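**Q** Pasting a structure below so you can have a look.
Here, each number is a calculation from the coordinates, and none is a lab measurement. Quick caveat, the model's predicted, so the values are computed rather than measured. Counting neighbours? That spans all protein chains shown, and the Cβs are built from the backbone with ideal geometry, glycine included.
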Amino acid sequence: MSTDSFREMKPVSGPAARRQLARSGATEPALDAGASPAAGTGATQPADGGRKPVRRKGLSERNRPLWMLIPGGLLMFVIIVVPLFLGIYMSTLNLDQYSLRKWVSAPFIGVGNFVEALTDSPLLHSVWLSVSYSLIAMVVTLPLGIAAAVATQNAFKGRALVRSIFLIPYVLPSFVVATVWRTMFQPDGVINSALGVFGVDGGLWLNGPQTYWTLILVQIWASWPFIYLLALSGLQAVDHEVHEASALDGALWWNKLRYVVFPYLKGPLSLAFLIGMLHHINNFTLPFVLFGVPAPSDVEVLPILTYVTSFQSFRFGLSAAMAFVSLVLIAIPLFIYLRAVKLDDAETPGGKK
């Protein structure tokens, strides 16, 4: 075959090309080192044998080292889960000072302690006292905290000092707060002496029907700075341009608070209300130090009743049942709040539905 006819042949790749070259007497051109066998077809392959470089994976949600959670998980299991199940088991036993030494072999009575707690003990009265005084204290502390946050939001001379003074009730331990107020509420204390100047007889603050309002008053004084802190954090999140736009529109101070400021405080104040309620219901130190044990019946809140039943009446099984009831009482509003937060997340544009 001539050279001109060889040039007129159409290029064919693969085995057909090799057979055609063999018939024409030509040899197959040698491949350069590192070149791909498919170079004649226009395709290229990398010089490392066609393997793609391995990309190192980052810490995504699926390949995180979950074993790092083991220490914290074990700690939570020992501190929270184990005592919880022990308390539930103790609530099913007739456990008192006589069977405490061998409490594992104490008589099993099932739900008998729960029935006695709900029918033959002041548990329901204590639950009502705890919830009512906590609710009244939070209703009063909310406007106090918001007013203090609004008053100290803008810069003025001495603002740091005023903010520090506002935080004094919050940083003091509950034991110190209760001790100071107990001294002030004595029959010859500062409170009655100050009221006597105006001709008012203060009476007994730590015993009698006034003890309920005494507990609420002290709780308000000790807890309003917490609302103040969360309200102040919510006010700091308000964009400065929003304030300028409302000022340019001629909004009055009340309309500005209602339509501009308060929407930013909805989340922080909801969280503050829930945490405050749970803290007041579980507060043992303040009523214990303020009124002593046994406390008057008007301030025998749920933690005090559980303590008296356990360490004065030595009804450990009954007190475990009361503690479980308080746990359920606390879990209900917490579950409602978490559910509401989840629903709010789902309604946002970036939330998961």
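**Q** Between segment 89-156 and segment 299-320, how many Å separate their Cα centres?
**A** 10 Å
**Q** I would also like to ask the following. Taking θ = phi - 60°, what integer Hz values does the Karplus form 6.51 cos²θ - 1.76 cosθ + 1.60 yield along segment 202-214, in sequence order, with x for Gly and Pro?
**A** These are the phi-based 3J(HN,Hα) values: x, x, 9, 9, 9, 7, x, x, 7, 5, 4, 6, 5 Hz.
**Q** Along the charge dipole of segment 93-226, which of 219, 161, 186 sits closest to the positive end, that is, farthest toward it, with unit charges on the beta carbon of Lys, Arg, Asp and Glu (+1, +1, -1, -1)?
**A** Going by the Cα projections, it comes out as 161.
**Q** Mind listing the phi-derived Karplus ³J(HN,Hα) values for segment 111-125, rounded to whole Hz, using 6.51, -1.76 and 1.60 with θ = phi - 60°, and x for any glycine or proline?
**A** Residue by residue, segment 111-125 yields 8, x, 5, 5, 5, 5, 5, 8, 10, 10, 9, x, 5, 4, 5 Hz.
**Q** Enumerate the amide H contacts of residue 93 below 5 Å, restricted to partners 5 or more residues apart or on another chain; note that Pro and chain-start residues carry no placed amide H.
**A** When sequence neighbours closer than 5 places are left aside, the close amide H contacts are 109.
**Q** Could you go through segment 87-93 in sequence order and give the Karplus-derived ³J(HN,Hα) for each residue, using 6.51 cos²θ - 1.76 cosθ + 1.60 with θ = phi - 60°, rounded to whole Hz, and x for Gly and Pro?
**A** Running phi through 6.51 cos²θ - 1.76 cosθ + 1.60 with θ = phi - 60° gives x, 5, 5, 5, 5, 9, 10 Hz.
**Q** Could I ask something else about it? Excluding residue 148 itself, what net charge comes from residues whose Cβ is under 14 Å from its Cβ, given Lys and Arg +1 and Asp and Glu -1?
**A** Summing Lys/Arg as +1 and Asp/Glu as -1 gives +2.
**Q** State, to one decimal in nm, how far the label point of residue 165 lies from the label point of residue 84, with both points 7 Å from Cα in the Cβ direction.
**A** Computed distance between label sites residue 165 and residue 84 equals 4.5 nm.
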